[in-house]
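The values are calculated or read from the model by the stated rules, or taken from the named source; none is laboratory data. Since this is a predicted model, take the numbers as computed values, not measurements. Here the Cβ positions follow ideal geometry from the backbone for every residue, glycine too, while neighbour counts run over all protein chains shown.
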Amino acid sequence: MKLLVDSHLLIWAASAFDRLSPKARAILGDQDNVLFFSAASLWELSIKAARHPDTFKVDPRRMRRNLLNNGWLELPVTSEHGVATFDLPQTHKDPFDRILVAQAMVEGFALLTADAVLAAYGSPVIEV
């Protein structure tokens with residue numbers, strides 16, 4: 001299965017594996033799954049790191065390099081993804097989360113999240 005992983009789970013997978021639920025660990029560890037991260041997630045993390053350098057200790061450059069080195073694939077944001085957000089209900093107001101849902105829908109991926117509000121979109125979002 002092709003899986004797009006949201007920003008929080010990316011952070012936990014990279015630096016706090018014990019914070020992942022057993023379900024998330026099992027899905028991320030399944031060798032049959034192909035793991036993707038969105039360029040939008042790294043953009044979001046870059047903004048947070050730049051705004052809050054004293055409290056947000058994620059280095060987006062290092063995270064990207066580590067993800068790629070560990071076999072993750074990068075999913076760019078396209079205009080098709082952007083336009084697909086138009087049809088989404090206003091369930092979630094965060095534009096980064098909305099683009100992830102749209103990307104998963106357009107690409108036919110499942111989107112993994114620990115965010116119950118994001119999971120309210122239903123398929124293709126999987127709450128773990």
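Scan the stretch 15-25 and tell me whether some residue there is among the hydrophobic types (A, V, I, L, M, F, W, C) and at pLDDT 95 or above.
Yes, the stretch 15-25 contains at least one residue that is among the hydrophobic types (A, V, I, L, M, F, W, C) and at pLDDT 95 or above.
Going by what's in this entry, would D87 be described as at negative phi, over 16 Å from the mean Cα position of the chain (by Cα) and either among the aromatic types (F, W, Y) or modelled with pLDDT under 95 (or both)?
yes
For the stretch 100-120, name all the residues that are of a type in the set (D, E) and closer than 16 Å to Q90 by Cα.
Within the stretch 100-120, just D115 meets the criteria.
Can you pull out the residues in the stretch 1-57 that are out of contact with any Pro (no Cβ under 6 Å at 6 or more places or on another chain) and among the hydroxyl-bearing types (S, T, Y)?
S7, S15, S21, S38, S41, T55
Looking for whichever is of a type in the set (A, V, I, L, M) and farther than 17 Å from L9 by Cβ here; the options are A102, A110, A119, A26. Which one fits?
One residue alone meets the criteria, A102.
Please work out which residue is surrounded by the fewest Cβ atoms within 10 Å (Cβ to Cβ), limiting yourself to the stretch 83-105 and to residues that are β-branched (V, I, T) and closer than 22 Å to L45 by Cβ.
Ranking the candidates gives T85 first.
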